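Here is the structure we will look at, set down as structure tokens.
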Amino acid sequence: MTKVRQDAWSHEDDVLLADTVLNHIKRGSTQLKAFEEVGDQLNRTAAACGFRWNAVVRDQYDNKIADAKRERKNHQRKDAANAVAHTFGNHNLREATSTTQTDVAKEQSESMSIDDVISFLQQYKHQSHDDSNVLEQNKALTEENQHLRERLQKIEQDHDSLMQVINRARNMMFLDESTLTDSFMSSSFRMDENGNLQQVSKAD
């Protein structure tokens, strides 16, 4: 049978939802199971119950949620201590209790922080991926920088070579002009019998 209930939530519905969730927290159960239980009672979907809890009801029960979590921890400690006492017997109870406290603390640390561990690992993986990308980018930029330095050095060499060619050509041009002028000034001209102009050395 499909749950299609559309009516609004009443105060009694909210109280039932809160009490059920708190009971599941105390017993070490999940909120999803609580939502499913309330959904069966109110003919609503577990998703609708979860949305109602997170959007409206939860903020009103912060203190009771904290109390329920503390009660769950106490139950876990007692259950673990009883199990150890039963296993090791009364003559090792003192040692077992000490061991139990360590194991329970470890178990609680693992159970209570599993989401944190997953989140940390995901962040670490993402951070490692980012670090790897940064290293690759840095390597690429370093190589590109070296390539640009080599190109700049080549351009500077080509520029120096070009300037040498230009200066050499300029000096040759001035030398040619000076030689031409000196040659012209050191020579004289005369007209031959046929009326042609002839260059005559001053020594002549």
- Item | Whole-number percent relative contact order across the range 1-71, with pairs defined as alpha carbons under 8 Å at least 6 apart | 34 percent
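When Lys and Arg each count +1 and Asp and Glu each count -1, what net charge do the other residues less than 14 Å away from Val57, Cβ to Cβ, add up to?
The answer is -2.
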- For Arg52, tell me the accessible area in Å² from a 1.4 Å probe, rounded to the nearest 10. 50 Å²
- Accessible area, probe 1.4 Å, largest first, for residues Leu16, Leu148, Leu42: Leu148, Leu16, Leu42
- Message: How charged is the neighbourhood of Leu162? Take every other residue with its Cβ under 14 Å from the Cβ of Leu162, and add Lys/Arg as +1 and Asp/Glu as -1.
- Response: 0
- Query: Using the Cβ atoms and a cut-off under 12 Å, what net charge is assigned to the surroundings of Glu37, where Lys and Arg are +1 and Asp and Glu are -1?
  - Reply: 0
- Item | Accessible area (Å², 1.4 Å probe, nearest 10) - Thr45 | 60 Å²
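Quick one: order His147, His24 from most to least accessible surface, probe 1.4 Å. Provide the component values of the computation, followed by the final result.
Values: His147 100, His24 10 Å².
Ranked list, largest accessible area first: His147, His24.
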- What does the accessible area of Phe174 come to, in Å² to the nearest 10, when a probe of 1.4 Å is used? 110 Å²
- Message: At 1.4 Å probe size, put Ile118, Ile25 in order of accessible surface, largest to smallest.
- Response: Ile118, Ile25
- Quick calc: nm separation of the 7 Å Cα→Cβ label points for Lys78 and Leu162 -> 9.1 nm
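The values are calculated or read from the model by the stated rules, or taken from the named source; none is laboratory data. Just so it is clear, the structure is predicted and the values come from calculations on it, not from any experiment. FYI the Cβ positions are ideal-geometry reconstructions off the backbone, even for glycines, and counts take in every protein chain you see. Heads up: the accessible areas ignore ligands, DNA and RNA and are worked out on the full protein's heavy atoms, side chains in. Shrake-Rupley method; radii C 1.70, N 1.55, O 1.52, S 1.80 Å.
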